[in-house]
1. Going by the conditions given, is Gly136 under 21 Å from Ala37 (Cα atoms) and either among the basic types (Lys, Arg) or under 14 Å from the mean Cα position of the chain (by Cα) (or both)?
2. Just the residues that are more than 28 Å from Gln149 (Cβ to Cβ) and surrounded by 19 or more Cβ atoms within 10 Å (Cβ to Cβ), please, taken from region 88-106.
3. Just a yes or no: is a residue in region 109-126 surrounded by 15 or more Cβ atoms within 10 Å (Cβ to Cβ), farther than 26 Å from Ala32 by Cα and out of contact with any Leu (no Cβ under 6 Å at 6 or more places or on another chain)?
4. Only one of these conditions is not met by Asp73: (1) within 19 Å of Ala147 (Cα to Cα); (2) of a type in the set (D, E, K, R); (3) surrounded by fewer than 15 Cβ atoms within 10 Å (Cβ to Cβ). Which number is it?
5. Condition check: modelled with pLDDT of 65 or more and either more than 28 Å from Ala160 (Cα to Cα) or touching an Asp or Glu at 6+ places or on another chain (Cβ under 6 Å) (or both). Does Pro6 satisfy that?
6. Mind listing just one residue for me: the one in region 131-159 that is of a type in the set (A, V, I, L, M, F, W, C), buried (at least 16 other Cβ atoms within 10 Å of the Cβ) and under 15 Å from Ala100 (Cβ atoms) and, of those, modelled with the lowest pLDDT?
7. Going through Tyr52, Tyr62 one at a time, which residue ends up being surrounded by 12 or more Cβ atoms within 10 Å (Cβ to Cβ), more than 17 Å from Asn140 (Cα to Cα) and touching a residue at least 24 places away in the same chain (Cβ under 8 Å)?
Amino acid sequence: MPAPLPDDSARSPAGRMNTMQASLGGLWRRRALSLKAAAFALVGVVNTAVDYGVFLLARATYQHIPAALGLFDAVAAACRCGGPRTVLLIAANITSWIVAVSGSYVLNSSITFAVESGRRLRFDRYLTFILAGVVGLIANTAALVFAAQVLALPVYIAKAAAILASFVVNFSLSHFVVFRVRHNR
């Protein structure tokens, strides 16, 4: 089969204009994607700092509340899950996660995915966002307890390792599940 003949419309001023517009459109979409990725990363940094700070504050606070310590003792005895120190770590971690995931939803809805969300906060989407993040919370908590209890790392290093583990899980779920491109059928 012979090669197709060159399209004369590509050589015309209108053809060149269409080609330029297509090129600029692609460049603009890549720039928009880069800006979205940068905003997503910035939101992640802010929320990581919030998660870490609230965790340390909650842990320090819970250690000085006799009722909380009594509750942690009771929970540890009932579940036989490593003692009150482990339950204290889990409680502080869940507290910091709830604060951080709420902030992440608000910031990502308002900034990163403003076009998709219309900058509107919706309770049903918030619940979906939280449910998707539960797997990350489980990975975070498991890594924290493993690093602090089994590896005997200092808590601040264990928490950093937990944040890294949950980042990998959350990014993977976000990429492949939550924010995947859906095609209308």
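The values are calculated or read from the model by the stated rules, or taken from the named source; none is laboratory data. Everything numeric in this text was worked out from a predicted model, so none of it was measured. Please note: Cβ atoms are built from the backbone with ideal geometry, for glycine as well, and neighbour counts cover all protein chains shown.
1. So Gly136 passes the test.
2. Tyr105 - this is the single residue of region 88-106 that is more than 28 Å from Gln149 (Cβ to Cβ) and surrounded by 19 or more Cβ atoms within 10 Å (Cβ to Cβ).
3. no
4. The failed condition is (1).
5. Numbers: modelled with pLDDT of 65 or more: no; either more than 28 Å from Ala160 (Cα to Cα) or touching an Asp or Glu at 6+ places or on another chain (Cβ under 6 Å) (or both): yes.
Criteria not met by Pro6.
6. Ala132
7. Tyr62
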